[in-house]
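S.K.: Take a look at this one; I'll ask things after.
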Amino acid sequence: MLNFCKKFSIFCFLDNHGYDFDKSLEWVAGAGSLDQFLAGDGVNFGDVDLFIQSNPDWIFCHVSYDFKNQLEELHSSNPDGIGFPEFLFFIPEIIFIFKLNELSIGVYPGGNPKQIFDEIISFVPEKLIQIKPVIFKSRFTKEEYIETVKKLQAHILQGDCYEINFCQEFYADNNTIDALRVYPNLSKLSPNPFAAFYKYEDKYLMCASPERYLKKIARTIISQPIKGTARRITDNLKEDEQEKISLSSSEKERSENIMIVDMVRNDLSKICSEGSVFVKELLAIYSFPQVHQMISTVSGNLRENITFSEIFKSTFPMGSMTGAPKKRVMELIEKYEKTKRDLFSGTVGYINPEGDFDFNVIIRSILYNSTNKYVSIQAGSAITFKSDAENEYEECLLKIDAMKKSFE
C-alpha cells in the first residue's frame, strides 16, 4: 500500500501498531489530494473552520511547531533544513481504513477500488538495496549543551519559568535516503501507537511517536501528555522492572508530569464545560520497545459550538513540548535552540466525516527533504532547576537511538 501511495505528491499513513490507546482504527491512510487548505503566515481561522465544515469527509492535517507564531506574539529566525509548510489540510483522493482484519478503500468519484486493490497486491518488491549509514552531527557539543542547560536553570532561578522543554538537532546533510525503506525499519525497531509516515512533495516525516496530542469523540476531548522517560533493558527483566519502578518513584519526573498535567487542564478548561475537565489517569507507566514513559490522561466535555480552530488555539503547541509558562518558554526555546523545530513538536492526524479527530505529538521522528538532501532528528527533555545536565543529554541520546539505527 505504501509503495502504491509513493507515486502521489502527498500521502499520510497513521498506524497504532496494535496498541489499545482508545483507537478504533488500526491504521488509516490517505493518498492524493482532491482539495487542500495550505497556509504559511497569516492563517484566517474562519477559513479553516469553513473548510472543515464544508467538507464532511476524511481530512488529513499537519501543523508545524512554528504555527505558534500565529497564536502568540512570537517569531522564529533560526535555520530550517526541512521546510514543511506551517499548516496543511487535505482531502485525499483515496482513503484506506484497516480495522478488525478488514480493509476498506474509498476513492474519488469515478475511481475503481477493486483496480487499486489489485494493483497493490500485485506489487513485486524491488531487490533490497543496502541503506548506506548516515552519519549524524549535533548542533551542540556535549559541553555546549550542558552550559545551555545551566543558563536555562538560571532563568528558572530568576522566576522566568518553571520548566522548559529544551531540544537539540542531530542532522546529516548531502544524504540521499529511501524514506520508504527507512520508515519500515523504524517501525520494526520502535512500533509505537501514534506512528506516521507522511509525504508532502519533496518532504517526508517518518514518525514513531508514543504520544497523543488530542483526540475528540463527539463532545469528549482527550489529551495524553508524556513527561518522564527511562530506558528499556529487554534482555534483563529484573533490571527492566527496576527501571520502571525508579521512573514511577522519581520525584523529579513526577513533578514534571504533574506540572504539564496542570497546564493541559488549564488549556482544556478554555474550551470545555465548567467542572468537566478531570485527570482520568495520573503518572501511569507505559512500556514501549525502546523506553518506559510516564503518561497522564486528561479529558473534558467540549462546550456547545466550539470550533476546530478554537480547540487548536487554546491548546497548541502542546505543553509537554514547551514547558511552563508556555509563552515565556517558547521565547527561551527560540533564544537557546539552534534550529527551527519545523514539524518536530508539531502534530499530524486526521478528522473523520463525523468531525471527530485524533492527532499525535511529533516526537521520535526523522524528517527528510529530498531536494536539499537534508536529514533531521530532534530530541529534547524537560529542564527544571533539579535537572542534571549530563543526564538530560544522555536522555536525548536514548531517544534518538531507534531513529539512528533505522539507517543501519
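The values are calculated or read from the model by the stated rules, or taken from the named source; none is laboratory data. Small disclaimer: the values here were computed from a predicted structure and weren't measured. Cβ placement follows ideal geometry from the backbone for every residue including glycine, while neighbour counts extend to all protein chains displayed. Accessible surface is based on the protein model in full, side chains and every heavy atom, while ligands, DNA and RNA are left aside. Shrake-Rupley method; radii C 1.70, N 1.55, O 1.52, S 1.80 Å.
S.K.: What single numbered condition from (1) more than 26 Å from K99 (Cβ to Cβ); (2) over 19 Å from the mean Cα position of the chain (by Cα) fails to hold for D57?
M.R.: (1)
S.K.: Taking the residues in region 267-282 that are open to solvent by less than 50 Å² (accessible area, probe 1.4 Å) and free of Cβ contacts under 8 Å to residues at least 40 places away in the same chain as candidates, determine which candidate is nearest to I233 (Cα to Cα).
M.R.: My answer is V277.
S.K.: Now a separate question. Could you grab me the full set of residues in region 294-307 that are under 15 Å from T220 (Cβ atoms) and in contact with a Phe, Trp or Tyr (Cβ under 9 Å, 6 or more places away or on another chain)?
M.R.: Result: V298, S299, G300.
S.K.: Within region 238-281, which residues are outside any strand (DSSP E or B) and among the β-branched types (V, I, T)?
M.R.: I245, I258, I260, V261, V264, I271, V277
S.K.: Something else: Hey, does region 361-375 have a residue that's open to solvent by 10 Å² or more (accessible area, probe 1.4 Å), over 30 Å from I91 (Cβ atoms) and not acidic (D, E)?
M.R.: The answer is yes, given that some residue of region 361-375 is open to solvent by 10 Å² or more (accessible area, probe 1.4 Å), over 30 Å from I91 (Cβ atoms) and not acidic (D, E).
S.K.: Also, I was wondering about something else. Can you pull out every residue in region 148-158 that is touching a residue at least 12 places away in the same chain (Cβ under 8 Å) and not basic (K, R)?
M.R.: Passing the criteria: T148, V149, L152, Q153, H155, I156, L157.
Condition check ((1) among the polar types (S, T, N, Q); (2) in contact (Cβ under 8 Å) with a residue 40 or more places away in the chain; (3) touching a Pro at 6+ places or on another chain (Cβ under 8 Å)) across all residues:
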site	(1), (2), (3)
K227	no, yes, no
L237	no, no, no
Q242	yes, no, no
S250	yes, no, no
R254	no, yes, no
M259	no, yes, no
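S.K.: Looking for something of a type outside the set (G, A, S), farther than 29 Å from S287 by Cα and in contact with a strand residue (DSSP E or B) (Cβ under 8 Å, 6 or more places away or on another chain) - is there at least one such residue anywhere in region 181-198?
M.R.: no
S.K.: Also: Looking at region 327-345, can you tell me whether even one residue there is of a type outside the set (D, E, K, R) and modelled with pLDDT under 95?
M.R.: Looking for residues that are of a type outside the set (D, E, K, R) and modelled with pLDDT under 95, one finds none in region 327-345, hence no.
S.K.: Could I ask something else about it? Considering only region 184-204, state which residues are within 16 Å of the chain's Cα centre (by Cα), hydrophobic (A, V, I, L, M, F, W, C) and within 15 Å of D401 (Cβ to Cβ).
M.R.: Hit for region 184-204 is L186, nothing else.
S.K.: Within region 35-142, considering only strands (runs of 3 or more DSSP E) that don't extend past its boundaries, which have at least 2 residues that are among the aliphatic types (A, V, I, L, M), open to solvent by 30 Å² or more (accessible area, probe 1.4 Å) and within 28 Å of G355 (Cβ to Cβ)? Don't jump to the end; show me each part of the working.
M.R.: Details: elements: 35-39, 59-63, 87-91, 94-99, 102-107.
It comes to 102-107.
S.K.: Tell me the residue from T176, T148 that is in contact with a Ser or Thr (Cβ under 8 Å, 6 or more places away or on another chain) and within 28 Å of S365 (Cβ to Cβ), please.
M.R.: T176
S.K.: Out of the residues in region 154-169 that are out of contact with any Lys or Arg (no Cβ under 7 Å at 6 or more places or on another chain) and open to solvent by 30 Å² or more (accessible area, probe 1.4 Å), state the one that is farthest from P325 (Cα to Cα).
M.R.: A154
S.K.: Which one of the conditions (1) surrounded by fewer than 18 Cβ atoms within 10 Å (Cβ to Cβ); (2) in contact (Cβ under 8 Å) with a residue 40 or more places away in the chain; (3) in a loop (DSSP other than H, G, I, E, B) does I285 fail to meet, given that it meets all the rest?
M.R.: With respect to (1) surrounded by fewer than 18 Cβ atoms within 10 Å (Cβ to Cβ); (2) in contact (Cβ under 8 Å) with a residue 40 or more places away in the chain; (3) in a loop (DSSP other than H, G, I, E, B), I285 is out only on (3).
S.K.: Something else: Which is out of contact with any Gly (no Cβ under 9 Å at 6 or more places or on another chain), over 30 Å from D202 (Cβ atoms) and surrounded by fewer than 22 Cβ atoms within 10 Å (Cβ to Cβ), of S381, S314, S387? Spell out how you get there, then give the answer.
M.R.: Details: S381 fails: surrounded by fewer than 22 Cβ atoms within 10 Å (Cβ to Cβ); S387 fails: surrounded by fewer than 22 Cβ atoms within 10 Å (Cβ to Cβ).
Result: S314 is the single residue among S381, S314, S387 that is out of contact with any Gly (no Cβ under 9 Å at 6 or more places or on another chain), over 30 Å from D202 (Cβ atoms) and surrounded by fewer than 22 Cβ atoms within 10 Å (Cβ to Cβ).
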